[in-house]
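Report on the structure given below.
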């Protein structure tokens, strides 16, 4: 039964997403996805309409698959993209902000002069603005400026505000002029941020000129009182006190009635420069002409600033409100604290203190964001002050709130203060659980406070809180790192006594520590424990364990371990690791001995090792000894003429040739191809270096 276009689009998109999710690296285009398409799409059914339907709406949030599908379609015989396909892929790329890919598609659009809907250009501009690629956004804006009415006022105002904030005043003025000339409405956000920066850079006269231009077109979407505050504040920031005073009157005449906040900003500026008479004059006008600020107006404006990531502007406006003790909603303060802490955490602390003075409390999310940013800016003292202040205000009334503060203090590496939180939790009846103790244990070990960590461990068990796997791993890792391997070893067995099964981390840390301590007996004992616990787990540990043994010179023991394992261990990679390490360490005799032991046990494994080496050889960093050894071995193979070689000598030299080629390919990184025959007997030779017992086998090199 033939499917409709919409049904086929849904089937193709589901198949692509499902096939992509099965890969190691999902969301990456691959030949497997192309095979999926070839099974589903007949050449005659592939059309621009189908491609557009697959991408929009089904792949809009799978940008890599969408772009890969778009490119795959363009490579099919007889296929040609349409405006609909370009629009769909640009929409997907804009949503995920794939700027390089957007640029590639736009170049094709320009070359082929593909007409696109204005909404597509709008989404591209919005994507560039959100990604702080304002110059690219401005380029697209200018290229399609004739369509800005259809692009929409929201995107244009956003671009205007961000350009001004970035200091690109000439570009911002271009956007402003085009909006005025083409009748695109200005908003409080766009025009407000623009004139705010104009007042800082150009002064009052330029501001009034811009304001007059807007009033001639449409001033309905602009909050005059907010504009008045921004202009006065901008002038005062540049110490233009006289202009600020004049602005209060000029703005009022132009439907921008200053509120109490604007008058206060001007009065504080005059007070700083010592103009007492002017201060009294401004305050008198405030009482006569000023209006009370409307909290909702500033609330909406701050939300807009934060949503456009104009955090510096949000911070400055927040400072005006807080310094003047003007009303502000709790949720606005929470937004300000969390967002401003990313650029100026100390200013965010000021906002928090203002909130607490008003008898309000921050949300846990706000506290977490503030504390994390204080930690990032290395303001640990301020973080401790916040905890103490909130504790005095009885903020911590739940286990969750205490645990958040404990976590943040641990991130800031404030062990003493974090421990005091633990004690306060106990006093207030919030018994710390194992996660609380683990946070502090981890911090103590990270700061090399091993004795406090062990005391905390004892305290945890005394309090009736048994450790979990993470707790044991924290201390075992630390003991192994600092050489207290006996303590790590005993703690390992303590786990078993508590009914806890070690995981791969436990085994790896302990095995590495025991090998460094050259305690081979205990290392093998621990590895055997992993085999008893779970053969699959042991298989994941084996390669690292072999490498640890080699690093400490336990070559024979590593070889014996590998050759004594059962086939189910799937230890091919570990054999390759050992042979590579031996070759790089100048131990060819041991390498040949190991090959012989492998051959005695399993010709299948020997063949697999040879195949694996041929596919993965690469040049080691310390290759000189290996190269010298390979040359000596080659010389030895040339001692007897080919027609005088006995079967024993030939077969033995083939083994030597294998090791020689193995070593040289380690140096050059070239590929080595081998075939084997396993139906020969064992022979014996003496070659001047060592005595080898070697299975007779045949190798062919290409």
Fill in the blank from the handout: Within region 372-381, the count of residues that are surrounded by fewer than 19 Cβ atoms within 10 Å (Cβ to Cβ), closer than 17 Å to residue 416 by Cα and touching a residue at least 12 places away in the same chain (Cβ under 8 Å) comes to 1
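Residue-wise test of (1) touching a helix residue (DSSP H, G or I) at 6+ places or on another chain (Cβ under 9 Å); (2) closer than 30 Å to residue 182 by Cβ.
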residue: 203; (1), (2): yes, yes
residue: 209; (1), (2): no, yes
residue: 216; (1), (2): yes, yes
residue: 221; (1), (2): yes, yes
residue: 231; (1), (2): yes, yes
residue: 241; (1), (2): yes, no
residue: 247; (1), (2): yes, yes
Problem - Residues that are part of a helix (DSSP H, G or I) and without any contact (Cβ under 8 Å) to a residue 40 or more places away in the chain, drawn from region 252-267 - result: 252, 253, 262, 263, 266, 267
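Looking at the structure I just gave you, is residue 519 more than 30 Å from residue 400 (Cα to Cα), surrounded by 14 or more Cβ atoms within 10 Å (Cβ to Cβ) and either in contact (Cβ under 8 Å) with a residue 60 or more places away in the chain or out of contact with any helix residue (DSSP H, G or I) (no Cβ under 6 Å at 6 or more places or on another chain) (or both)?
Details: more than 30 Å from residue 400 (Cα to Cα): yes; surrounded by 14 or more Cβ atoms within 10 Å (Cβ to Cβ): yes; either in contact (Cβ under 8 Å) with a residue 60 or more places away in the chain or out of contact with any helix residue (DSSP H, G or I) (no Cβ under 6 Å at 6 or more places or on another chain) (or both): yes.
Yes; evaluated as a whole, the condition is true for this residue.
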Practice task
State whether the residues of region 286-303 include one that is assigned to a loop (DSSP other than H, G, I, E, B), touching a residue at least 24 places away in the same chain (Cβ under 8 Å) and under 35 Å from the mean Cα position of the chain (by Cα).
Solution key: no
Practice task
Test residue 530 against the stated conditions and say whether it is in contact with a helix residue (DSSP H, G or I) (Cβ under 6 Å, 6 or more places away or on another chain), part of a helix (DSSP H, G or I) and under 23 Å from residue 477 (Cα atoms).
Solution key: yes
Problem - Given (1) crowded, with 19+ Cβ neighbours inside 10 Å; (2) free of Cβ contacts under 8 Å to residues at least 60 places away in the same chain, index of the condition residue 329 fails - result: (1)
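Considering each residue of region 126-147, count those that are assigned to a helix (DSSP H, G or I) and more than 18 Å from residue 181 (Cβ to Cβ), and give that number. Even if it seems obvious, please write down each step before you answer.
Step one: filter region 126-147 for residues assigned to a helix (DSSP H, G or I), giving 126-130, 134-143, 145-147.
With the extra rule that they be more than 18 Å from residue 181 (Cβ to Cβ), the set shrinks to 126-130, 134-137, 139-140.
Here the count works out to 11.
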Exercise for the section: For residue 309, indicate whether it is surrounded by fewer than 20 Cβ atoms within 10 Å (Cβ to Cβ), in contact with a helix residue (DSSP H, G or I) (Cβ under 9 Å, 6 or more places away or on another chain) and at positive phi. Expected result: yes
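Please go through region 151-168 and pick out each residue that is assigned to a helix (DSSP H, G or I) and surrounded by fewer than 17 Cβ atoms within 10 Å (Cβ to Cβ).
Applying the first criterion (assigned to a helix (DSSP H, G or I)) to region 151-168 yields 151, 153-165.
Listed by number, the list holds a single entry, 154.
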Exercise for the section: With the condition kept exactly as written, say whether any residue in region 27-34 is under 23 Å from residue 108 (Cβ atoms), assigned to a helix (DSSP H, G or I) and at pLDDT 85 or above. Expected result: no
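Restricting attention to helices (runs of 4 or more DSSP H) lying wholly within region 407-471, give those where 1 or more residues are within 20 Å of residue 382 (Cα to Cα). Before the answer, list the steps.
Details: elements: 415-427, 434-446, 450-462.
So the answer is 415-427, 434-446.
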Handout entry: Qualifying position, being out of contact with any strand residue (DSSP E or B) (no Cβ under 7 Å at 6 or more places or on another chain) and either outside any helix (DSSP H, G or I) or without any contact (Cβ under 8 Å) to a residue 24 or more places away in the chain (or both), among 122, 78
Key = 78
Completion exercise
By residue number, the members of region 261-282 that are surrounded by fewer than 17 Cβ atoms within 10 Å (Cβ to Cβ) and on the phi < 0 side of the Ramachandran plot are 268, 271, 272, 273, 276, 277, 280, 281
Exercise for the section: Confirm whether residue 392 is within 24 Å of residue 371 (Cβ to Cβ), within 31 Å of the chain's Cα centre (by Cα) and either modelled with pLDDT under 95 or surrounded by fewer than 14 Cβ atoms within 10 Å (Cβ to Cβ) (or both). Expected result: no
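The values are calculated or read from the model by the stated rules, or taken from the named source; none is laboratory data. Since the model is a prediction, treat every value here as computed from it, not as a measurement. Don't worry about glycine lacking a Cβ; one is built from the backbone with ideal geometry, like all the others, and counts go over all protein chains shown.
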